[in-house]
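No value in this document is a laboratory result; all are computed from the given coordinates. All figures in this text were calculated on a predicted structure; none of them were measured in a lab. Glycine also receives a Cβ, built like all others from the backbone with ideal geometry; neighbour counts cover every protein chain displayed.
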Amino acid sequence: MKLATYNVNGINGRVDVLLRWLEEALPDLVCLQELKAPDEKFPRREIERAGYGAIWHGQKSWNGVAILARDQEPRETRRGLPGDPDDSHSRYIEAAIDGIVVGCLYLPNGNPAPAPKFDYKLRWFERPQAYAKELFELEVPVALVGDFNVMPKNLGV
DNA sequence: ATGGTTGCAAGGCAA
């Protein structure tokens, strides 16, 4: 299985490139971030025509995530992470496809640091970590994919 | 120290 992730920075501004890439790369599963479009403006038809089923969690102007599956419909298992009912950002969507649970994540950028936005990022980070433990305990195949906005170590810059 | 880019959407924000 070929699983890909792509921060599109605007699904409608990038849809031609996305379709060309789907045709060339033929990924089985695609996690998209930064749709920057509300649900009703997701280019469902174009993506269907390219041979992909899709689920999406959009938002006007910012954020927004989607999962595409080649020749099938992703079965949505969750939208939004547990732990904060007031979270209005569309940053997580999850589906079951071919016996795998696929989580598509777009973690806050958090720049600049230090600043309130960075604090927000660190707080937000707690929920995917807690939820990942829940998923792990299910002992089913899971792929958590997306734009984590994180580096493996401090470069000291 | 400043200017440098892009997308959304209609001015400024987020990245």
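Data for the structure
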{"item": "Share, in percent, of DSSP beta bridges within chain A that are antiparallel, nearest 5", "result": "65"}
{"item": "Length-normalised contact order for chain A - Cα pairs under 8 Å, 6+ apart - percent", "result": "19"}
{"item": "Selection from A:GLY110, A:CYS31, A:ALA66 lying farthest towards where the dipole of chain A points positive, charges on Cβ", "result": "A:GLY110"}
{"item": "DSSP bridge pairs, the stretch A:91-157: antiparallel proportion in percent, nearest 5", "result": "50"}
{"item": "Assigned charges on the beta-carbon of Lys, Arg, Asp, Glu; the stretch A:91-135 dipole about Cα centre (debye)", "result": "240"}
{"item": "Surrounding net charge for A:GLY99, when Lys and Arg each add one and Asp and Glu each subtract one, Cβ distance under 13 Å", "result": "-2"}
{"item": "Set of aspartates and glutamates with alpha-carbon distance to A:LYS41 below 17 Å, sequence-local pairs under 8 removed", "result": "A:ASP16"}
{"item": "Under DSSP loop assignment and at most 16 Cβ neighbours within 10 Å, longest chymotrypsin sites (Phe, Trp or Tyr not before Pro)-free interval of chain A", "result": "A:63-147"}
{"item": "Cα convex hull of chain A, projected area averaged across orientations, nm²", "result": "10.1"}
{"item": "Inter-probe distance in nm under a simple model that places probes 7 Å from Cα toward Cβ, at A:LYS60 and A:GLU126", "result": "3.1"}
{"item": "Helical contribution to [θ] at 222 nm, DSSP H n ≥ 4, -39,500 (n - 2.57), averaged over chain A, rounded to 500", "result": "-8000 deg cm²/dmol"}
{"item": "Contour excess over end-to-end distance, with Cα ends at A:ARG20 and A:ASP119 and 0.36 nm allotted per residue", "result": "31.8 nm"}
{"item": "Likely footprinting exposure, A:VAL15, A:VAL30, fewest C-beta neighbours within 10 Å first", "result": "A:VAL15, A:VAL30"}
{"item": "Proxy reagent accessibility, fewest Cβ within 10 Å first, across A:ILE100, A:ILE93", "result": "A:ILE100, A:ILE93"}
